[in-house]
1. May I ask for the Rg/Rh ratio of the chain, computed from Cα atoms with Rh as the Kirkwood radius, given to two decimals?
2. Calculate the length of the line joining the C-alpha centroid of segment 187-245 to that of segment 110-161, in whole Å.
3. Which value at 222 nm does the chain reach when only helices count, each DSSP H run of 4 or more adding -39,500 (n - 2.57), with the total divided by all residues and rounded to the nearest 500 deg cm²/dmol?
4. May I ask you to list the residues of segment 330-368 whose amide nitrogen lies under 17 Å from a point 7 Å from Cα along the Cα→beta-carbon direction of Lys461?
5. How big is the charge dipole of segment 327-462 about its Cα centre, in debye rounded to the nearest 20, if each Lys and Arg gets +1 on its Cβ and each Asp and Glu gets -1 on its Cβ?
6. Once Lys and Arg get +1 and Asp and Glu get -1 on their Cβ, which of Met371, Val271, Phe353 lies farthest toward the positive end of the dipole of the chain?
7. What FRET efficiency, computed as 1/(1 + (r/R0)^6) with R0 = 25 Å and r the Cβ-Cβ distance, is obtained for Glu150 and Asp118, rounded to the nearest 0.05?
8. Calculate how many DSSP beta bridges within the chain are antiparallel, expressed in % of all such bridges and rounded to the nearest 5.
Amino acid sequence: MTTRRDFLMQGMAATATLALPRQLRAAAPEFQSLEARAASVQLAPASYPETEIWGYDGKMPGPELRLAQGARLQRSFVNRLPQASSVHWHGMRIDNAMDGVAGLTQPAVEPGQNFDYDFVAPDAGTYWYHAHNRSTEQVARGLYGALIVEESTPPDVDRDEVLILDDWLLNPETAQIDPDFTSLHDRSHAGRRGNFIATNGIHHLSLDVRQHERMRLRLVNAANARIFVLALKGMDGWTVALDGMPLARPEPVTDALILGPGQRADLIVDVTAAPGELAHLVRLENEDASSQVAFPVTAKASATHRAAPDPLPPNPRMELTGLDGARTTRLDMQGGAMGTLDTAILNGEKKSFRELVEANQFWSFNGTVGMTDVPLIDVSQGETVKLQIYNDTSFPHAMHLHGLHFREIGEDGGLGPLRDTILMFGGQTRSIGFAADNPGDWLFHCHMLSHASSGMMTWIKVT
Ligand code: C2O
Ligand code: CU
């Protein structure tokens, strides 16, 4: 078995600077920076003014970070924002100290300060990075980007397209971002939902394609709260990975593909629409279908028909095979509008729901609101954990576990694909299992970011 240390060692061997004597090392180039700053971009149609955003390197989405599996990412995060921030590498099974959770794995980086992120990417796949301090605001203002880790043998496709889906809450006159990030309604209901849909920061993204072209589409849901329900039109497709992790067998996309906030899906699609026609990535909403991304077919490609894609090569360290002797814990989620929460503990004190509302807090995990000093689960490295989650609320929640991927445990005991975020609808009970193989303090929270900041946050300790 290859351990995390082995990966670190491999990464170090590949980085020549570390082997150099001290004097020479000082002369080696500094980490490349990743600077969070205010900027303005043309988000709404050209008849509107530009929108003031916060972006990494002033871009929205931030620069696409791409590296080979096993390579090392080194970035010096520079904070040029008016508030403290940090960067989380969502889905990456890395050293806890690099996880970027302000207040848990590092102090928030104050304005004018910087923080060096340095880790080896153990797993190939589609990941993303985003701000992890005051995330409801910072992610809604645009602080995110794609993080792509390439397989050593990539699949045979003609193109690789990263599609980051988001919705923005904009003032309909000025096209500026609605600055009410603590809205009581958003926090107690479905979260902050936007009125302006975009892909890669573009309202109606359109990509020219050729008939029979085979593309890898890397879908990332970066929205604060929106669940994207997607379908393909004029394209045949297979899901080959979820949340970065390859599926054992590519699954044909037959009907809707559901992506909760934080979730990703890698699709391999073949354009079937004819030249002159449009293929689409379609967004389904209340029975309506709208185009999320249009693919005008401009010509024919040389290849005509190809066999179904092979599975992507598996990532290392996927050892959850059984649940014998698993440490079993239950997580009851309560609260929100139309919920069943009467009282809960907030900052060590029992509060009525009315008092919680006054504190703008709405959700509890096992009767406690928000982060405490006590982890939900405290396990030793190597233990197996089974977590039974009951969503006793009227809203969906996208529960994201940092630093570890889990598998859903079916009612028959079968194990689902590896994921880092599970989308749970109201009233559902679902179980997940994972091998606690990565030591550290790992956040476990709802990725509907208004929910996370109004109670839905806990952590898991692996020592
Ligand atoms: Cu993508 Cu704790 O976050
Ligand atoms: Cu939630």
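All of the numbers you see were taken from the coordinates with simple rules; none came from a lab. The structure displayed is predicted, hence computed values, not measured ones. Cβ: placed from backbone, ideal geometry, glycine included. Neighbour counts: every protein chain shown.
1. Result for the chain is an Rg/Rh of 0.96.
2. Value for the Cα centre distance between the two parts: 17 Å.
3. -2000 deg cm²/dmol
4. Within reach of a label on Lys461: 348.
5. For this selection, approximately 80 debye.
6. Looking along the dipole axis, the top candidate is Met371.
7. 0.85
8. If I count the DSSP bridges inside the chain, around 75 percent turn out antiparallel.
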